1. Measuring from centroid to centroid over Cα atoms, what is the spacing of region 90-137 and region 3-34 in Å?
2. Whats the longest run of the chain with zero GluC sites (Glu not before Pro) that are DSSP loop and have at most 14 other Cβ atoms within 10 Å?
3. Counting only residues 5 or more places away or on other chains, whose amide H sits under 5 Å from the amide H of F197 once H atoms are built in the peptide plane?
4. Apply the Karplus parameterisation 6.51 cos²θ - 1.76 cosθ + 1.60, with θ equal to phi minus 60°, to every residue of region 89-98 and state each ³J(HN,Hα) to the nearest whole Hz, in sequence, with x for glycine and proline.
5. Around T249, which amide H atoms from residues at least 5 apart in sequence, or from another chain, sit under 5 Å from its own amide H, with H modelled in the peptide plane?
6. Greater than 20 Å separation of Cα atoms is the criterion. Which listed pairs, K16/K120; K69/K287; K159/K190; K69/K233; K16/K233; K16/K287, meet it?
7. Could you check the simple spin-label distance between R115 and Q166, using points 7 Å along Cα→Cβ, in nm with one decimal?
8. Specify which residue in the list L270, I32, A60 is farthest towards the positive end of the charge dipole of the chain, using unit charges on the beta carbon of Lys, Arg (+1) and Asp, Glu (-1), about the Cα centre.
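Throughout, read-outs are computed from the coordinates displayed, never taken from laboratory work. Quick caveat, the model's predicted, so the values are computed rather than measured. All Cβ positions, glycine included, derive from the backbone under ideal geometry; neighbour counts span all protein chains shown.
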Amino acid sequence: MPYRYAIIGNPVSHSKSPAIHREFAREMGLSISYEHLLSPLDGFNQTVAAFRSAGRLPAAGANVTVPFKINAFNYATELTARALRGGAVNTLKFDGANILGDNTDGVGLYADIERNLAFKIAGARVLVMGAGGAVRGVLGNLWDASPALLAITNRTFIKAEDIAKQFNDAKSSSAGAGDSKEKIRVMALKELPAQQFDLIINATSASLAESLPLVPVASFAPGALAYDMMYGKGQTPFLMLASSAGARTADGLGMLVEQAAESFYVWHGLRPSTMPVLAMLRAQLAKI
Ligand code: ATR
């Protein structure tokens, strides 16, 4: 029997998740329904409850996007370790009364950087810009990939401090006594020019507003990769700046497809191929 899925957000109509999941399902020979679901800002729980109870087909899961990833974390009755680690959920799986909350963003970013872009995070100096929900989901996977340095910076410094503290405290309680590796480092924007990075990830929403996050050209090491979690028709302001600094650039379209593939696996236990879908989306973006 076909099952129902949705992407819940506000705004949500721009989301490519329905197209991606329908394409994955077609490849795998599954019949699913996957829709956009706009939730009122103060009505996330009611929206999910209505989605679960309505419709001819049983609701089996949902993806969750801005600004509801923390609401989804609180809504879940069971959380995976990777959702717990970041305190944010982008994938819900419904199983009777049980609601599993998972987060596939970090795996998606890791897969895009390491596999699709063939960049090795191990030993690299990595800077993450931003301190919102987008960062929470990905710090754990970046840390696990053994960078030489994992730094976080943000326009509002205290928010970066909070995230790093939460992450480092959790790490201390789970780490063995022999774990002496330096933890996530918080850096003020004014400290950045003195440090070079091999990978700089823009996880702020600044690209959406077409404004430029404050990263100095001097921060890009020779041969650095600049990764913007956002995507669009042309290059984002951050990627334009990175290009002018001689860095290699990548937008977040690959991460979007890879996190979707991981959600697909959580729901269906099947791994679709991501490259054809990525190529399809890239071609669509070029036509806009
Ligand atoms: P998300 O869940 O997508 O991460 P968010 O929680 O609203 O969204 O966080 C947005 C992030 O983008 C924050 O780190 C924000 O910086 P502040 O904490 O200082 O607000 C950052 N951001 C948004 N617009 C920005 C801009 N124009 N320049 C720099 N950073 C910006």
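1. Cα centroid of region 90-137 versus Cα centroid of region 3-34: 19 Å apart.
2. Working: sites that count: E182, E210.
Maximal segment without exposed cleavage sites: 1-181.
3. F220, A221
4. Residue by residue, region 89-98 yields 10, 10, 9, 10, 10, 9, 9, x, 7, 7 Hz.
5. A226
6. Working: K16/K120 28 Å; K69/K287 31 Å; K159/K190 16 Å; K69/K233 26 Å; K16/K233 14 Å; K16/K287 15 Å.
Checking Cα-Cα distances, K16/K120; K69/K287; K69/K233 exceed 20 Å.
7. Output for this residue pair reads 2.8 nm.
8. Highest projection toward the positive end goes to I32.
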